[in-house]
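Rule-based calculations on the coordinates, nothing more; no lab input. Note that the structure is a prediction, hence the values are computed from the model and not measured. With ideal geometry, Cβ positions are generated from the backbone for all residues, glycine too; neighbour counts draw on all protein chains shown.
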């Protein structure tokens with residue numbers, strides 16, 4: 001069931017939506033609450049990407065977050081630590 005073309009297409013669209021949402025959230029981070037929302041979003045995105053076997057795509061998303069000018073130096077370590085727990 002999970003390997004049918006229709007399900008694969010739907011799941012890929014979900015992964016793309018996670019990516020767009022992360023980009024959007026990073027563009028509007030101003031408070032600690034925004035950072036917590038990004039952390040929660042990345043945790044859910046991690047689960048979705050790993051479920052689909054898209055580990056490299058998730059690592060790419062993490063690299064985008066890490067190298068983003070909007071992601072201050074203290075944000076990425078907090079994000080990484082929260083995702084690992």
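Please verify whether residue 42 is touching a residue at least 12 places away in the same chain (Cβ under 8 Å), surrounded by 15 or more Cβ atoms within 10 Å (Cβ to Cβ), within 17 Å of residue 84 (Cα to Cα) and touching a helix residue (DSSP H, G or I) at 6+ places or on another chain (Cβ under 9 Å), treating the condition exactly as stated. Answer is yes for this residue.
For region 1-38, the set of residues classified as in contact (Cβ under 8 Å) with a residue 24 or more places away in the chain, closer than 13 Å to residue 71 by Cβ, in contact with a helix residue (DSSP H, G or I) (Cβ under 8 Å, 6 or more places away or on another chain) and surrounded by fewer than 17 Cβ atoms within 10 Å (Cβ to Cβ) consists of 23 only. Taking the criterion of being in a helix (DSSP H, G or I), in contact (Cβ under 8 Å) with a residue 24 or more places away in the chain and buried (at least 16 other Cβ atoms within 10 Å of the Cβ), the residues of region 49-82 that qualify are 49, 57, 61, 65, 75, 79.
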